[in-house]
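Worksheet for the structure shown next.
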Amino acid sequence: METCLRLKGNYMIKQVLFALLILTSMACNGQQVFEKIAEVPQGASHQDIVDLAAKVVPSPNQLLWHNHEFIAFIHFGPNTFSRREWGNGKEDPASFNPVGMDTDQWCRLMKAAGMSKVIITVKHHDGFCLWQTRYTKHSVASTPWRDGKGDVLRDLSISCRKYDLKLGVYLSPADLYQMEASDGLYGNESKYSSRTIPRAVDGRPFKDKRTFTYNVDDYNEYFMNQLFELLTEYGPIHEVWFDGAHPKRKGGQQYIRREWYEFVHKLAPQAVIFGGSDIRWCGNEGGKTREAEWNVLPMNAAMEVWKDKTAIDIGSDQMLKGAAYLYYLPAEVNTSIRHGWFYRDDNKQNVRTPDDVFDIYERAVGGNAVFLLNIPPNRQGLFSKRDADCLIEVGKRIKAVYGNRIPVKSTVKAVLDGNPKTYWQAEGLTGQIEAFMNKPYLVNRFVLQEELAGHGQRIAEHALDAWVDGCWQQVASGKTVGFKKILRFSPVKTNRLRLRIIKSRAEATVSEISVHYYDEPPKAVRVSTNSNGKVVLEAASGGFSWKNHGSADQSQKIVYTLDGSVPAKDSSVYTVPLDLPNGGLLKACTIVGDKKGSIVTRTMGYPRNDWKLMSVDSYPNERHVGQFAFDGKANTYWLGKDTVDRTHYIAIDSGSEKVIGGFSYLAPKGWKRGVGIVEHYRFEVSRDGENWEIASEGKFGNILNDPSLRTVHFDKKFNARYFRFVALKAVKDNPWLGVAEIEIFAE
């Protein structure tokens, strides 16, 4: 069924829209849809708004974006060489010298992982540019790399065409170089005036002769000049990524985002804008997804600049109350394969396991989002082996699981024909589809998709039943569907499945279903310490596969090593808690038959059973005392409150003098997002508890959006008995600072 009429445009007059609503209803018998945006008619009831939300559909570009599913992020620049997460804008361009850079290697591995697009940080917050820009010398042109003639973006664009990958660019609105330079343009309080974009540069003419006139200040002109370069000389560009981070501000600088978005759509009509008018951030950078991810969201003004939302519910029927506009704005799930966005080192920087990445893939792609995985090149300009191995393994799993369908039949032919334009539609707000197999199969994955292009997102709740022992048994359930939902459940042997639509905003449509089996590897090992300071290893239970089981598979065993080698079948078998008086590098995995689970690598700290609290600067009550920072429980934490002229710290006596080469910090999970999370820290050590020496001072990059365990390795080792963790600043300048768990280790 083809849609009769689609209302286009981002700016609508209320009276015109209301008339069109009546017209399309008459012309299409109630099947009208609104592309990307619908204005809510004056006087509309809450139910009218919910009904309207079911008729807002993606633009053609947004629909193509949905189809990409799994894409790559590349963070590369001076931070790669300085080992910083965020630069300061004062970096010497000469530090950037990736002598072995091979973008073909990047693209081969991305393709092997099953990715279809790559977005590269052509300018991060430090302001350094990875292409031969005309508008600043703070770029690859001022580096020793290829005698200043190299162009990272040029190389990548050529490799993308070679390996059939789409290309996107991340251009940071924040620019610390332009803030810090004496002649910098950011926040220089220049006047707005009518100017021609792009600004002509002697000796560097553009092949694209178009010019545009905008009312801009110096920095917005600079930013749009660079957008012109990127979108006309390296294309086609399919995604433009605008970050919302502000490491520093100056001069009241404002961004003319609406003009940027308009400019991008003129220069790259095929591109979607992340952080703008097309795609939104999912709300975290740890790979987490919402159970109900709605694409149509309420806004208060036409083309309102979307503000990042981190709440669990941002698009339910309840959230639509009082909306003035409804926007189709789907989510992108961004996270990194490593701890941190930039490469730091091969041995000490944590790399996600294939189990972890594949799990995020299933939750993101199978949760109505696109999965954007960052793979940072190393200082040679290559993907490191651990990253490469993970990508290859994840690609194999995606192909093995979702490239192979269990053969099914259904009385509803449209959901099995592989054509996204054909679909089944429920007769009311509920309905069901049955799928049959010619013999019993072991299954544990069910995929379904809504027909978004002509009907929008409608399903609010659904469930899956399997025919077992002569009756229907529910095996999985979910909330929203959208472009794609992957239902994951414990393996069940059956020859019949039934999808039930339980709740929907309008008559639900399903364009495709498929059934799969994932032969899961053994569970990963969970590492903890007991009250005696000994290390406990256990196979992880819980999660989707063991949801209804009291414990993990008893046939599995855990093997481990302490010498840095890869654990194998003949490695030490874990039987009792390990006594590691000096900590050390632990590697462990589970083995079941011939299968081996992902290898967990953990730098173990010294036992903490002899530790004593020396002092803390403050604590609010007995629920957040200092001892909770080293009690081995992630859900308890010390909390101190920031006040003027006070050093905020926790000091600990480790019981005896020892070699200290680093520490780890786990942020508290407070009652509100960000409360207690330390961003800037200082770590001090002492032999006598009175005279202190600074061992490390720095910043936990991106810890608000990804509050995972952070590990810091010192430049040198110290002999000390006492240590003090000093909280210099909390995220978002929150007055509360805290520690859930802190450890020290030798290496």
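Laid out as a table, the results:
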| read-out | value |
| --- | --- |
| Count of the stretch 361-380 residues which are out of contact with any strand residue (DSSP E or B) (no Cβ under 6 Å at 6 or more places or on another chain) and surrounded by fewer than 23 Cβ atoms within 10 Å (Cβ to Cβ) | 4 |
| Answer from 696, 708 - the residue that is within 21 Å of the chain's Cα centre (by Cα) and in the same structural domain as residue 736 (by TED's automatic domain parsing) | 708 |
| Test for residue 229: is it acidic (Asp, Glu), in contact (Cβ under 8 Å) with a residue 60 or more places away in the chain, touching a helix residue (DSSP H, G or I) at 6+ places or on another chain (Cβ under 8 Å) and not in a loop (DSSP other than H, G, I, E, B) | no |
| Counted residues, the stretch 300-317 - those being crowded, with 18+ Cβ neighbours inside 10 Å and within 30 Å of residue 212 (Cα to Cα) | 1 |
| Given (1) in contact with a Pro (Cβ under 8 Å, 6 or more places away or on another chain); (2) part of a helix (DSSP H, G or I); (3) in contact (Cβ under 8 Å) with a residue 24 or more places away in the chain, number of the condition residue 63 does not satisfy | (1) |
| Only listed residue being assigned to a strand (DSSP E or B) and either aromatic (Phe, Trp, Tyr) or outside the structural domain of residue 242 (by TED's automatic domain parsing) (or both), chosen from 383, 342, 358, 371 | 371 |
| Filter result for residue 679 (farther than 22 Å from residue 344 by Cβ and in contact with a strand residue (DSSP E or B) (Cβ under 8 Å, 6 or more places away or on another chain)) | no |
| Filter pass, residue 213 being part of a strand (DSSP E or B) and either outside the structural domain of residue 258 (by TED's automatic domain parsing) or without any contact (Cβ under 8 Å) to a residue 60 or more places away in the chain (or both) | yes |
| Qualifying positions in the stretch 705-735 - more than 27 Å from residue 533 (Cα to Cα) and either polar (S, T, N, Q) or modelled with pLDDT under 85 (or both) | 705, 706, 732, 733, 734, 735 |
| Residues that are of a type outside the set (S, T, N, Q) and either buried (at least 21 other Cβ atoms within 10 Å of the Cβ) or not assigned by TED's automatic domain parsing to the domain that holds residue 100 (or both), drawn from the stretch 152-164 | 152, 153, 156, 160 |
| Some residue of the stretch 403-420 being over 20 Å from residue 291 (Cα atoms) and in contact with a Pro (Cβ under 6 Å, 6 or more places away or on another chain) | no |
| Residues located in the stretch 247-261, provided they are assigned to a helix (DSSP H, G or I) and surrounded by fewer than 16 Cβ atoms within 10 Å (Cβ to Cβ) | 258 |
| Counted residues, the stretch 543-562 - those being at pLDDT below 90 and under 30 Å from residue 611 (Cβ atoms) | 0 |
| Single unsatisfied condition, residue 513 versus (1) in contact with a Leu (Cβ under 7 Å, 6 or more places away or on another chain); (2) of a type in the set (Val, Ile, Thr); (3) outside any strand (DSSP E or B) | (3) |
| Set 61, 67, 88: member being at pLDDT below 95 and either crowded, with 21+ Cβ neighbours inside 10 Å or under 26 Å from residue 243 (Cβ atoms) (or both) | 88 |
| Within the stretch 687-703, tally of residues that are crowded, with 19+ Cβ neighbours inside 10 Å and either outside any loop (DSSP other than H, G, I, E, B) or in contact with a helix residue (DSSP H, G or I) (Cβ under 6 Å, 6 or more places away or on another chain) (or both) | 1 |
| Test: residue in the stretch 278-290 that is over 30 Å from residue 186 (Cα atoms), modelled with pLDDT of 85 or more, assigned by TED's automatic domain parsing to the domain that holds residue 376 and buried (at least 16 other Cβ atoms within 10 Å of the Cβ) | yes |
| Any hit, the stretch 323-330, residues being under 13 Å from the mean Cα position of the chain (by Cα), modelled with pLDDT of 95 or more and surrounded by 23 or more Cβ atoms within 10 Å (Cβ to Cβ) | no |
| Where a residue in the stretch 195-206 is more than 11 Å from residue 225 (Cα to Cα) and not assigned by TED's automatic domain parsing to the domain that holds residue 135 and its partner, wherever it lies, is in a loop (DSSP other than H, G, I, E, B) and not acidic (Asp, Glu), with Cβ under 6 Å and at least six apart | 204/134 |
| Condition broken by residue 672, with the remaining ones in (1) in contact (Cβ under 8 Å) with a residue 60 or more places away in the chain; (2) surrounded by fewer than 19 Cβ atoms within 10 Å (Cβ to Cβ) satisfied | (1) |
| Residue 679 vs. criteria of a type in the set (D, E, K, R), buried (at least 21 other Cβ atoms within 10 Å of the Cβ) and either modelled with pLDDT of 95 or more or out of contact with any Asp or Glu (no Cβ under 8 Å at 6 or more places or on another chain) (or both) | yes |
| Within the stretch 275-297, considering residues that are outside any loop (DSSP other than H, G, I, E, B) and touching a residue at least 60 places away in the same chain (Cβ under 8 Å), the one nearest to residue 167 (Cα to Cα) | 279 |
| Residue 194, sole failed condition from (1) farther than 25 Å from residue 161 by Cα; (2) in contact with a helix residue (DSSP H, G or I) (Cβ under 8 Å, 6 or more places away or on another chain); (3) among the polar types (S, T, N, Q) | (2) |
| Residue check, residue 480 modelled with pLDDT of 95 or more, among the hydroxyl-bearing types (Ser, Thr, Tyr), out of contact with any helix residue (DSSP H, G or I) (no Cβ under 8 Å at 6 or more places or on another chain) and assigned to a loop (DSSP other than H, G, I, E, B) | yes |
| Filtered residues of the stretch 637-669 (kept if surrounded by fewer than 17 Cβ atoms within 10 Å (Cβ to Cβ), at pLDDT 90 or above and either in a loop (DSSP other than H, G, I, E, B) or of a type in the set (A, V, I, L, M) (or both)) | 659 |
| Index of the failed condition, residue 636 passing every other in (1) in contact with a strand residue (DSSP E or B) (Cβ under 8 Å, 6 or more places away or on another chain); (2) in contact (Cβ under 8 Å) with a residue 40 or more places away in the chain | (1) |
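Yes or no, residue by residue, for (1) touching a Phe, Trp or Tyr at 6+ places or on another chain (Cβ under 9 Å); (2) farther than 29 Å from residue 96 by Cβ:
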{"position": "324", "(1), (2)": "no, yes"}
{"position": "330", "(1), (2)": "yes, yes"}
{"position": "374", "(1), (2)": "yes, no"}
{"position": "378", "(1), (2)": "yes, no"}
{"position": "411", "(1), (2)": "yes, yes"}
{"position": "430", "(1), (2)": "no, yes"}
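The values are calculated or read from the model by the stated rules, or taken from the named source; none is laboratory data. Everything numeric in this text was worked out from a predicted model, so none of it was measured. Ideal geometry is used to build each Cβ from the backbone, glycine not excepted, and the neighbour counts take in all protein chains shown.
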